[in-house]
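**Q** One structure, as structure tokens, below. Some questions next.
The values are calculated or read from the model by the stated rules, or taken from the named source; none is laboratory data. No experiment lies behind these values; they were computed from the predicted model shown. Here the Cβ is made from the backbone with ideal geometry for all residues, glycine too, and neighbour counts use every protein chain on show. All accessible areas refer to the heavy atoms of the entire protein, side chains included, with ligands and DNA or RNA removed. Shrake-Rupley method; radii C 1.70, N 1.55, O 1.52, S 1.80 Å.
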Amino acid sequence: MNYMEKRKEGRMQGNNGEREKKEVRKRKLKWPDIKMATKGVGMANKGPSFGLSRAVQDKIDSKYDPELEQILVEWISRQCGSGVGKPEAGKMGFQAWLKDGCVLSELINSLFPGEKPVKKIQSSSMAFKQMEQISQFLNAAEKYGVTKTDMFQTVDLWEAKDLAAVQRTLSALGSLAVTKDEGTYSGDPNWFFKKSQENKRDFSEDQLKAGKNVIGLQMGTNKGASQEGMSYGRARQIL
């Protein structure tokens with residue numbers, strides 16, 4: 001083999017080596033791409049929840065009351081005025097109407113006769129701003145008198161986790177407004193029931209002492225009791 005042939009053969013071997021290196025680099029680059037593609041496919045194919053979680057959510061959704069929705073929409077519209085508008089029928093329309101917290105803030109402010117609890121009401125498309133507005137309503141509702149057991153959580157409304165809980169809070173708020181009768185309630189008083197009010201009584205020391213000597217009817221009474229007319233049978237004879 002002469003010099004030219006050896007040089008040609010060496011050049012061919014060098015080219016083959018470069019091709020092999022490129023193939024190795026390609027194979028190394030392909031694995032992350034395959035991994036990401038596999039990850040993407042898994043996420044794309046993720047369907048709705050099933051089993052126990054689905055059953056629990058269905059049970060929660062079944063508590064939503066369409067008739068109560070109509071009453072609440074009518075009350076809020078009268079209470080806040082035409083500026084708040086009205087939602088589309090159905091629970092998702094109801095959720096979309098209240099989701100940013102502005103309508104709720106207008107509602108709670110309308111029930112306070114003096115200083116308004118929610119100072120700033122501003123619509124926003126940002127999630128944390130909407131949730132912050134809902135939180136302001138919840139704080140003001142608690143200040144108004146709604147108990148914590150009747151209060152919904154922010155995610156119950158914003159993520160539509162439990163819209164029946166939202167209805168429960170608004171119903172409790174309406175009942176309080178009717179019960180307080182401060183002149184701020186607008187609507188039919190029969191929409192909400194009046195809450196029972198405390199009937200506090202003050203007794204003097206003498207009255208409390210006298211009460212200790214009274215036998216309650218639950219314990220029975222010996223008033224008017226006698227042995228008149230009672231017969232114990234014939235006397236026993238002793239022989």
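**Q** Just to verify a number: FRET efficiency for residue 190 and residue 149, C-beta to C-beta distance, R0 = 22 Å, to 0.05? Kindly include the intermediate steps, with their values, before the conclusion.
**A** On the way: r = 24 Å, r/R0 = 1.11.
The formula returns an efficiency of 0.35 here.
**Q** For the pair residue 181/residue 205, report the inter-label distance in nm, with labels modelled 7 Å from Cα in the Cβ direction.
**A** 3.8 nm
**Q** Using the charge dipole of the stretch 51-180 (Lys, Arg: +1 at Cβ; Asp, Glu: -1 at Cβ; taken about the Cα centre), state which of 144, 72, 123 has its Cα farthest towards the positive end.
**A** Projecting each Cα onto the dipole axis, the largest value belongs to 144.
**Q** Still on this model: When the accessible area of the stretch 51-180 is computed with all protein chains present and a 1.4 Å probe, what percentage of it is carbon and sulfur?
**A** Values: 3430 of 6550 Å².
Carbon and sulfur together cover 52 percent of it.
**Q** Once phi is turned into ³J(HN,Hα) by the Karplus curve 6.51 cos²θ - 1.76 cosθ + 1.60 with θ = phi - 60°, what whole-Hz value does each residue of the stretch 181-191 show in order, with x for glycine and proline?
**A** Taking θ as phi minus 60°, the curve returns 6, 8, x, 9, 6, 10, x, 7, x, 6, 5 Hz for the stretch 181-191.
**Q** In whole Hz, what ³J(HN,Hα) sequence does the stretch 160-169 give by Karplus (6.51, -1.76, 1.60; θ = phi - 60°), x for Gly and Pro?
**A** 6, 6, 8, 6, 5, 5, 5, 4, 4, 5
**Q** In whole Hz, what ³J(HN,Hα) sequence does the stretch 120-132 give by Karplus (6.51, -1.76, 1.60; θ = phi - 60°), x for Gly and Pro?
**A** 10, 10, 9, 6, 8, 8, 7, 4, 5, 5, 5, 5, 5
**Q** Regarding the stretch 51-180, what is the average projected area of its C-alpha convex hull, in nm²?
**A** Details: hull surface 32.7 nm².
Dividing the Cα hull surface by four gives the mean projection, 8.2 nm².
**Q** Which distance in nm do the two modelled labels at residue 161 and residue 115 give, with both placed 7 Å along the Cα-to-Cβ direction?
**A** It works out to 3.2 nm between the two label points.
**Q** Okay, moving on. Find the centroid of the Cα atoms in the stretch 154-173 and in the stretch 58-72, then give the distance between the two in whole Å.
**A** If we compute the Cα centre of each part, the gap is 10 Å.
**Q** Which entries of 86/180; 116/143; 59/161; 86/129; 119/148; 91/161 have Cα-Cα distances beyond 19 Å here?
**A** Numbers: 86/180 26 Å; 116/143 11 Å; 59/161 11 Å; 86/129 22 Å; 119/148 22 Å; 91/161 11 Å.
Check vs 19 Å cut-off fails for 86/180; 86/129; 119/148.
**Q** How large is the dipole of the stretch 51-180 about the Cα centre if only Lys and Arg carry +1 and Asp and Glu carry -1, each at its Cβ, rounded to the nearest 20 debye? All intermediate terms of the calculation are to be shown ahead of the outcome.
**A** Numbers: 16 positive and 16 negative charges, 62 e Å.
Here the stretch 51-180 has a charge dipole of around 300 debye.
**Q** What trypsin sites (Lys or Arg not before Pro) does the stretch 90-147 have in DSSP loop regions with at most 12 other beta carbons within 10 Å? Spell out each step's value before the answer.
**A** Working: sites: 91, 99, 119, 120, 129, 143; in loops: 99, 119, 120.
Of the trypsin sites (Lys or Arg not before Pro), the ones in loops of the stretch 90-147 whose Cβ has at most 12 other Cβ atoms within 10 Å are 119, 120.
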